[in-house]
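Computed from the coordinates by the stated procedures, all read-outs in this text should not be read as laboratory data. None of these values were measured; they are calculated from a predicted model. Using ideal geometry, Cβ is built from the backbone for each residue, glycine included, and neighbour counts are taken over all protein chains shown.
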Amino acid sequence: MNDSPVNKIYTAITEEKARTSYPEGFPHLPEVPVGRYTEPEFYQLEMEHMWKKSWLHAGHISELPKEGSYKLFEQLGLSIIVSRGLDGQIRAFHNICRHRGSALLLEKTGTARRFVCPYHAWGYTSDGKLQTVPEERNFPCLDKENRGLLPVRCEVVRGMIYINLNDDAVPLAEYLAFEGIELGDFPLEDMVVKHEVHVEMDCNWKTALDNFLEIYHVPVVHTKSIAPYLDAQSNIIDLYRHGHARLATAKRGATIFQANTDAADSLGPLFKDHNIALLRFPNTFSAIDPVGFAWQTWWPMGLNKSVMVVSVMGWQGDSEEDRAFWEGMKQQILAIAKEDQHLFAPLQRSLNTGLLPNMVLGYQERVLYWYQEQIDRHIGVENIPEHLRVKQVLADHTSD
């Protein structure tokens, strides 16, 4: 029992709070080139080699409640249909008709038992086969068998739907194996998306993401909203393969969201006593709370423009009281995020001046460095100009 994940976290937190110097044997973090946040060349390397080769969060099974349900994934210049077929299977396809390239679906969510192009009415089955072509006699060389929708790799773990443009990527379950260690029996698959909000920001996507991967700023920026509920000096971090990480922070005996604690009690002491936050490389973060929480992703809209997508994860229920509670939680999540957001555009402007060539990171900011290392591994270090690379120093300090 003493070796259980829960006990290990309690022990590690006690040791962290007692720490008075830099941990012996842990590497000092090299400086991070600011050009990774400002140079178009590095942005293009990310677009080509990282985003196209990573597992990307595309939704939750609750958003596809019945056969024919679909939602559009519209990030990175892509439009991808994520749908539940008539056989119940969740699939993904590029939202492109194989005739002349028209978008098949124009509404972001809905129900479609088959996909019919709004331009010339070519029709596809829910599993992507080309089924009907008006005036088919005029297409003598048409091979319908090989003119189905263009598939996108799509897999589901714990109710979360991911897509990947790389057919050679490791299976999603293997990629997210660390969740089994950190989440245990937490029933993500039983939750539902209560709200989804998109917040555009005038900064590089990493400028925004960095903020959520450390709590060094919490006592300063979130003095009244978060700091009273979290013991910032207790923060412990585990790094995992593929660029993932877990941050665990002791709660001060209360939850930020005011509600009954039945859910927390039923899931045991780990989630009741701690804020458990997970980074799933490259861009997905969630601070798990049994009451409910924000599932956040950050996406590039340009070198100096990004969008944060916030899905409010909660539990089944649709009473007036239930709707009021989740609306309140959404507003509270956005209010806390706004405390950070007003700093991002000025920060990006500072980076863009070129006056700060490198960033300095401390021990409690090591997740920021870890995911930068993973970006370089995705791109291929040899493909990155030397002045934009980060040194690979943390691979021997992972928990798996």
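Remarks
- Distance between modelled label sites at residue 181 and residue 323, nm, 7 Å Cα→Cβ extension: 4.4 nm
- Relative counts (whole %) of C-alpha pair distances in segment 56-157, using bins that are 5 Å wide: 3, 13, 25, 25, 17, 10, 5, 2, 1
- In the chain, the inverse of the mean reciprocal separation of distinct Cα atoms equals 22.8 Å; this is its Kirkwood hydrodynamic radius.
- Within the shell defined by Cβ-Cβ distances under 9 Å, the residues around residue 67 carry a net charge of +2, with Lys and Arg each +1 and Asp and Glu each -1.
- Partnerless cysteines, meaning none of the other Cys C-beta atoms lie under 4.7 Å away, in the chain: 141, 154, 203
- Cα gyration tensor, segment 149-222 - rounded (a/c under 1.5), prolate or oblate: prolate
- Of all lysines in the structure, the ones whose alpha carbon falls short of 24 Å from that of residue 8, not counting any fewer than 8 places away in one chain, are 17, 251, 272.
- Under 12 Å from a label point set 7 Å out along the Cα-to-Cβ vector of residue 52, the amide N atoms of segment 26-46 belong to 44-46.
- Label-to-label distance, nm, for residues given as residue 7 and residue 377 (7 Å Cα→Cβ offset): 3.1 nm
- Cut-off 13 Å between beta-carbons: net charge of the residues surrounding residue 311, Lys and Arg +1, Asp and Glu -1: +1
- With K and R counted +1 and D and E -1, the other residues having a Cβ less than 15 Å from that of residue 54 yield a net charge of -1.
- Normalised convex hull volume, segment 5-109, alpha-carbon set, Å³ per residue: 222 Å³
- Counting every alpha-carbon pair across segment 112-192, the share separated by more than 16 Å comes to 66%.
- Helix-only [θ]222 nm of the chain, DSSP H runs n ≥ 4, -39500 (n - 2.57) each, per residue, nearest 500: -7000 deg cm²/dmol
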